[in-house]
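Below is one structure, written out as structure tokens; the observations come after it.
The values are calculated or read from the model by the stated rules, or taken from the named source; none is laboratory data. All values derive from a computational prediction rather than experimental measurement. Cβ atoms come from the backbone with ideal geometry, glycine included; neighbour counts cover every protein chain shown. When the accessible area is computed, the model is the full protein with side chains, heavy atoms only, and any ligands, DNA or RNA have been set aside. Shrake-Rupley method; radii C 1.70, N 1.55, O 1.52, S 1.80 Å.
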Amino acid sequence: MTARKRAELDTVRVLLTQLGITPEELLSNPAPREMPTFADYIDRVAEAVTPGTRNAYCESRFAALRV
């Protein structure tokens, strides 16, 4: 194991301790694997930006990217 890998593991251990999470809890509660589609993501971005930004990029461009 490299020194960098050891340092990264130490960092993760410290973070988990600060959050009060055990490694066993992480293994028994895996994160969901669902990923949004590109079309879903574009819709979220379009909804999140200001009207000015949306106008600058034009709704038609967002519509063209929808699958």
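If you sort R4, R44 by accessible surface, 1.4 Å probe, largest first, the order is R4, R44. Restricting the range 1-37 to GluC sites (Glu not before Pro) that sit in a DSSP loop and have at most 11 other Cβ atoms within 10 Å of their own Cβ leaves E34. Going by alpha carbons, how many degrees (0 to 90, nearest 10) lie between the helix axis of 38-48 and the longest principal axis of the chain? In the chain, helix 38-48 runs at an angle near 80 degrees to the longest axis. The long axis of helix 3-19 is offset from the longest Cα principal axis of the chain by roughly 80 degrees. Each of (1) 63; (2) 71; (3) 75 is a candidate for percent of Cα pairs over 13 Å apart; the one calculated from this structure is (3).
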